[in-house]
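Asker: Handing you a structure now.
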Amino acid sequence: MVWEVFENKVVRELVETYRPVWSIGHALALLGWDSETYMPRRGVEERALSRADLFVLRRRMLLRKELLDLLERAEAAEGLNEFEEGVVRVIRREVRIASSLPEEFVFEFAKLREEATHAWRHAKEKDDYDAFKPYLARIVEYARRMADYLGWEGHPYNALLDLYEEGLTIEDVDRVFDSIIPVLRSVYESVRSRGLYPENHPLESVEYDTRVMEAVNREVLDLLGYPWDRGRLDVSPHPFTISMGVDDVRITTRYEGKNFKHTLYAVIHEFGHALYELQIDGRLKASPLASGASLGVHESQSRFWENVVGRSREFVSMMSPILRKRLEFLSGYSDEDLYFYVNTVKPGFIRVEADELTYNFHIFLRYKLEKDLVAGEIGVEDLPELWNGLMEELLGIKPRTYKEGVLQDIHWSHGSIGYFPTYTLGTVLAAQIKAALDRRLGGLYKTLESEGAGPVREGLRELIHQYGKTYPPKTLVEKSLGEPMNPEYYNEYIREKFAKA
Ligand code: MG
């Protein structure tokens with residue numbers, strides 16, 4: 001590694017000393033990818049053990065005296081450039097988090113997460129909430145203990161929010177929801193009463209051949225510019241992106257066998273995540289700065305490609321020759337028909353299948369529930385009923401099974417509590433980024449039509465991607481977009497697309 005951006009001798013030594021930490025992270029990412037894709041079912045027990053051990057080793061490597069001494073010296077250094085300051089900030093934050101969590105706790109939690117994920121998968125298959133409940137209860141208990149170890153002010157949930165989104169608090173999240181939920185409610189009402197976007201579309205029940213659909217997905221990734229020598233497309237029950245490093249960023253999708261927009265838009269979504277990692281400045285490779293700024297900023301990238309780009313008339317028309325060539329059942333459907341197929345608005349139970357307009361209701365629900373779970377105001381035994389009640393209040397529908405309700409997401413089994421709000425932050429930020437690119441490119445959609453995805457990728461690289469973790473998320477947003485996160489851009493985007501149509 002050359003690391004020419006780290007000129008200061010102490011910082012460079014710090015980055016070199018940190019590298020084994022990065023390497024264990026690299027290995028953990030690969031093991032995680034394998035667990036979700038190709039690992040034989042019974043490999044779970046040994047995998048859980050080895051990953052839990054690696055988490056502990058990573059922690060020990062991070063808390064070595066040699067590294068802590070260098071960190072202190074780097075903090076005392078003057079005249080550091082922005083990358084160097086970023087390194088010091090990121091490592092200090094990791095050290096603070098790691099040193100607040102006892103080794104035994106880290107090991108036990110990692111093992112619990114792996115077992116809970118396995119249990120969740122079985123419970124979901126059998127629609128058996130009782131089978132997952134004891135695992136979830138322990139996950140919540142561990143999340144709460146983690147918040148206490150990390151320290152918190154106001155509400156234990158704040159400690160968990162900060163883990164996923166540096167500096168994020170309940171006040172920030174409430175401010176966003178307070179702004180967007182009333183707008184979403186009124187636009188949703190108007191769309192439904194006026195029938196602007198269809199609730200159902202004949203294409204939703206059409207079956208596809210999985211191999212043909214995979215070829216479509218690959219060609220759409222070509223259209224977007226996914227570099228196959230630095231990535232892969234595989235299959236997993238829950239689509240995800242994982243970065244082993246800036247030159248190995250893999251995505252997955254799933255194939256349900258019908259309603260092809262689900263697998264297609266999962267691919268476009270994950271492409272957005274992957275592009276972020278792939279466009280980080282190569283000079284930051286294998287350093288503490290070589291990943292996205294935060295989960296919210298990450299989700300802004302996936303939502304931007306999935307919704308702002310992917311569900312636009314312009315992009316649907318760009319994609320339609322690929323779709324028509326391979327999917328014979330599309331003959332007779334115009335581009336405008338396809339546009340309405342990918343933009344149906346219908347209350348549904350499943351978050352990952354939700355349309356652009358109702359998606360944030362699903363997040364709002366999870367945010368309310370997990371905040372109360374962590375505070376101990378509700379217990380896991382109350383969840384199904386509370387979940388169903390909120391669904392009815394927000395979307396007017398009531399789940400009939402656990403699969404359609406409380407068992408649908410993998411996140412809680414992963415121990416990821418405090419993660420869901422970053423989805424809404426990302427959605428809101430995506431609209432703000434659209435406004436910035438409109439200014440920069442002289443019209444995002446016009447540029448997309450005339451020049452393809454290239455200038456859009458380049459605009460995002462310059463505004464957001466290149467910096468990796470150099471700046472904390474709030475600083476990055478202000479620096480790149482000229483103002484702090486502002487949900488008004490999202491409200492305007494939603495009104496424009498759904499209410500004025
Ligand atoms: Mg995502």
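Asker: Would you check if there is a residue in region 388-400 being modelled with pLDDT of 95 or more, assigned to a loop (DSSP other than H, G, I, E, B) and either among the small types (G, A, S) or crowded, with 18+ Cβ neighbours inside 10 Å (or both)?
Answerer: Within region 388-400 (the criterion being modelled with pLDDT of 95 or more, assigned to a loop (DSSP other than H, G, I, E, B) and either among the small types (G, A, S) or crowded, with 18+ Cβ neighbours inside 10 Å (or both)), the answer is yes, since at least one residue qualifies.
Asker: With the condition being of a type in the set (G, A, S), I'd like the helices (runs of 4 or more DSSP H) fully within region 56-146 carrying at least 3 qualifying residues.
Answerer: By residue number, 82-100, 103-126.
Asker: Please enumerate the residues belonging to region 145-203 that are small (G, A, S) and more than 24 Å from the chain's Cα centre (by Cα).
Answerer: G151, G154, S186, S190, S193, G195, listed by residue number.
Asker: Quick check on my filter: what residues within region 25-35 are open to solvent by 30 Å² or more (accessible area, probe 1.4 Å) and either touching a residue at least 24 places away in the same chain (Cβ under 8 Å) or in the same structural domain as D248 (by TED's automatic domain parsing) (or both)?
Answerer: Passing the criteria: H26, A27, L30.
Asker: Is there any pair linking a residue in region 296-318 that is under 18 Å from P455 (Cβ atoms) and of a type in the set (V, I, T) to one that is within 14 Å of the ligand (Cβ to nearest atom) and part of a helix (DSSP H, G or I), with Cβ under 7 Å and at least six apart or on different chains, and which?
Answerer: V308/A430
Asker: Turning to a different aspect of this structure: Since K346 meets every condition but one in (1) part of a helix (DSSP H, G or I); (2) touching a residue at least 12 places away in the same chain (Cβ under 8 Å); (3) open to solvent by 20 Å² or more (accessible area, probe 1.4 Å), which condition does it not meet?
Answerer: Unmet for K346, out of (1) part of a helix (DSSP H, G or I); (2) touching a residue at least 12 places away in the same chain (Cβ under 8 Å); (3) open to solvent by 20 Å² or more (accessible area, probe 1.4 Å): (1).
Asker: Also, quick follow-up: Return the total of residues in region 179-222 being more than 30 Å from R457 (Cβ to Cβ) and touching a strand residue (DSSP E or B) at 6+ places or on another chain (Cβ under 8 Å).
Answerer: Count: 4.
Asker: Also, quick follow-up: How many residues, within region 59-83, are open to solvent by 60 Å² or more (accessible area, probe 1.4 Å), under 24 Å from Y471 (Cα atoms) and among the charged types (D, E, K, R)?
Answerer: 6
Asker: Can you pull out every residue in region 227-283 that is within 14 Å of the ligand (Cβ to nearest atom) and of a type in the set (D, E)?
Answerer: Once the filter is applied, which keeps residues that are within 14 Å of the ligand (Cβ to nearest atom) and of a type in the set (D, E), region 227-283 yields E270, E277.
Asker: Let me ask something additional. For region 374-387, give me each residue that is open to solvent by 10 Å² or more (accessible area, probe 1.4 Å) and assigned to a helix (DSSP H, G or I).
Answerer: Answer for region 374-387, where residues must be open to solvent by 10 Å² or more (accessible area, probe 1.4 Å) and assigned to a helix (DSSP H, G or I): A375, V380, E381, D382, P384, E385, L386.
Asker: Take F109 and decide whether it is exposed (fewer than 15 other Cβ atoms within 10 Å of the Cβ), on the phi < 0 side of the Ramachandran plot and outside the structural domain of P288 (by TED's automatic domain parsing).
Answerer: When the stated conditions are applied, F109 does not pass them.
Here's the yes/no breakdown for (1) more than 25 Å from V477 (Cβ to Cβ); (2) surrounded by fewer than 23 Cβ atoms within 10 Å (Cβ to Cβ); (3) away from the ligand (no atom under 16 Å from the Cβ); (4) modelled with pLDDT under 95:
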| position | (1), (2), (3), (4) |
| --- | --- |
| K285 | no, yes, yes, no |
| S291 | no, yes, no, no |
| G296 | no, no, no, no |
| G310 | no, no, no, no |
| M318 | yes, yes, yes, no |
| L323 | yes, yes, yes, no |
| S331 | yes, yes, yes, yes |
| S334 | yes, yes, yes, no |
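Asker: A follow-up question, please. Residues being surrounded by 22 or more Cβ atoms within 10 Å (Cβ to Cβ) and of a type in the set (D, E): count how many of those fall in region 265-283.
Answerer: 2
The values are calculated or read from the model by the stated rules, or taken from the named source; none is laboratory data. All of these numbers come straight from a predicted model, not from anything done at the bench. Here Cβ is always computed from backbone atoms with ideal geometry, including for glycine, and neighbour counts include all displayed protein chains. Keep in mind that these areas ignore ligands, DNA and RNA; they rest on the heavy atoms of the full protein, side chains included. Shrake-Rupley method; radii C 1.70, N 1.55, O 1.52, S 1.80 Å.
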